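The values are calculated or read from the model by the stated rules, or taken from the named source; none is laboratory data. Worth saying up front: this structure is predicted, and the values here are computed from it rather than measured. All Cβ positions, glycine included, derive from the backbone under ideal geometry; neighbour counts span all protein chains shown.
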Amino acid sequence: MLLQARVVVVAIGRLAHELHAAAEGAVLGAYRFDEYRSERGDAPVERVDLVSPADGNAKEHRATLKAATAIAEAVTTARDFVNTPPNDLYPASFADRAAALGKAAGLDVEILDEKALRKGGFGGVLGVGMGSTRPPRLVRMSYKGPKARTKVALVGKGITFDTGGISIKPAAHMEEMTSDMSGAAAIVASVVLAAKLRYPLEITATVPMAENMPSGAAYRPGDVLTMYGGKTVEVLNTDAEGRLILADAIVRAGEDEPDYLIETATLTGAQVISLGRRTPGIMGSEDFRDRVAAIARATGEGGWPMPLPEELRRDLDSKLADLANVTGHRWGGMLAAGLFLREFRTVPWAHLDIGGTGYFRKTTPFAARGATGVTHATLVELAMAGAKA
């Protein structure tokens, strides 16, 4: 008979990083998403006691425990967002939930609805969201920490469900497209955490949210969209929608003149083909890209620096507009998406493609089945290091 422990005691050493790892691991290891179960059952454990030697630094340990718990809770917040089914998490409800978290943490929050998006000229977000009865949103969340010297822009893809639109996806595994806002979830959780732990940074998150649906009102292959900032894009494939909403957000974020911009998205299936389900592809300004990739690997989230080949950029040329949203062939799809986004950035920048890493089909040692919360640890380490491009 298997007995369930009610209290677990873990002995740790004197070092702060040992306590941090044990506390964060305990919270994440106990994570379950049972919001929609009629019978939720018992929690894995009731309490975890962390025991350190008596001569340890109690004040330092309390600070470490506070930070580790806050970081782990932020990951669970991101996972909860992603695991929430799309009938309950759609652009307006996602925006409202993000705003509530932000305001509770003391952030300045702005939500642009479809009218404000139209007035502002956010053609990418509006175009992708046209086919849904639930209109798009763009959320801006701002934090300025004590003695902030570095200004950071964060951008995350918030497609709350992705059918592919008119270029519809195959039915198999389409239910996983509830996870197409994993990047946005990580960004929202990260900026809220920064406020809770009072990071000495100035951070603004720009999070576009839309639902990509096929309907009589949906955008079509062959349409030309005018993006925020004025560039025009010919749509060749409506399932390459994430880069369209991100382009609007990247241009808007660049207007704040940040020192650097980090953007994360479940952007391409080509990422899975290239690197598998545990290694995000990281593109962008080369020096900064390499630093972000090194930090991502050090956190255990993984990441590999990828090139942006100029010969692929020529394949994004359009016969009608400034550029097309896809190349028209299957080669280098992850890299082509990065090249597309590069057209819209104005500051040092890193793009993290988590196409296969944001959601797992089965439980692994890294995370339970479902949302992983990936890139959050990378963003936290960058913030804690006060990274500069």
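For region 292-328, the set of residues classified as surrounded by fewer than 22 Cβ atoms within 10 Å (Cβ to Cβ) and of a type in the set (D, E, K, R) consists of R297, E310, E311, R313, R314, D315, D317, K319, D322, listed by residue number.
Checked against the criterion of being modelled with pLDDT under 95, under 25 Å from V125 (Cβ atoms) and more than 20 Å from the chain's Cα centre (by Cα), the candidates G269, G328 yield just one match: G328.
Here G302 passes the criteria (1) part of a helix (DSSP H, G or I); (2) within 21 Å of the chain's Cα centre (by Cα) except the one numbered (1).
In summary, F344 fulfils each of the numbered conditions (1) among the aromatic types (F, W, Y); (2) surrounded by fewer than 22 Cβ atoms within 10 Å (Cβ to Cβ); (3) in contact with a Lys or Arg (Cβ under 8 Å, 6 or more places away or on another chain) with the single exception of condition (2). T160 - would you say it is among the polar types (S, T, N, Q) and touching a Leu at 6+ places or on another chain (Cβ under 7 Å)? When the stated conditions are applied, T160 passes them.
Selection of region 165-184 for residues being modelled with pLDDT of 95 or more and either farther than 26 Å from N237 by Cα or touching a strand residue (DSSP E or B) at 6+ places or on another chain (Cβ under 7 Å) (or both) yields G165, A184.
Determine, yes or no, whether S142 is touching a strand residue (DSSP E or B) at 6+ places or on another chain (Cβ under 7 Å), surrounded by fewer than 18 Cβ atoms within 10 Å (Cβ to Cβ) and at pLDDT 95 or above. Spelling it out, S142 is indeed touching a strand residue (DSSP E or B) at 6+ places or on another chain (Cβ under 7 Å), surrounded by fewer than 18 Cβ atoms within 10 Å (Cβ to Cβ) and at pLDDT 95 or above. Restricting region 292-314 to residues that are out of contact with any helix residue (DSSP H, G or I) (no Cβ under 7 Å at 6 or more places or on another chain) and charged (D, E, K, R) leaves a set whose member that is nearest to L352 (Cα to Cα) is R297.
Let's see how each residue does on (1) crowded, with 23+ Cβ neighbours inside 10 Å; (2) among the hydrophobic types (A, V, I, L, M, F, W, C); (3) assigned by TED's automatic domain parsing to the domain that holds L197:
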| site | (1), (2), (3) |
| --- | --- |
| E60 | no, no, no |
| A63 | no, yes, no |
| T77 | no, no, no |
| D80 | no, no, no |
| P91 | yes, no, yes |
| F94 | yes, yes, yes |
| R97 | no, no, yes |
| L101 | no, yes, yes |
| A104 | no, yes, yes |
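Note on region 86-135: residues that are closer than 17 Å to V224 by Cα, outside any loop (DSSP other than H, G, I, E, B) and among the small types (G, A, S) amount to 4. Put simply, of D113, D108 the only residue that is under 25 Å from S215 (Cα atoms), among the charged types (D, E, K, R) and modelled with pLDDT of 95 or more is D113.
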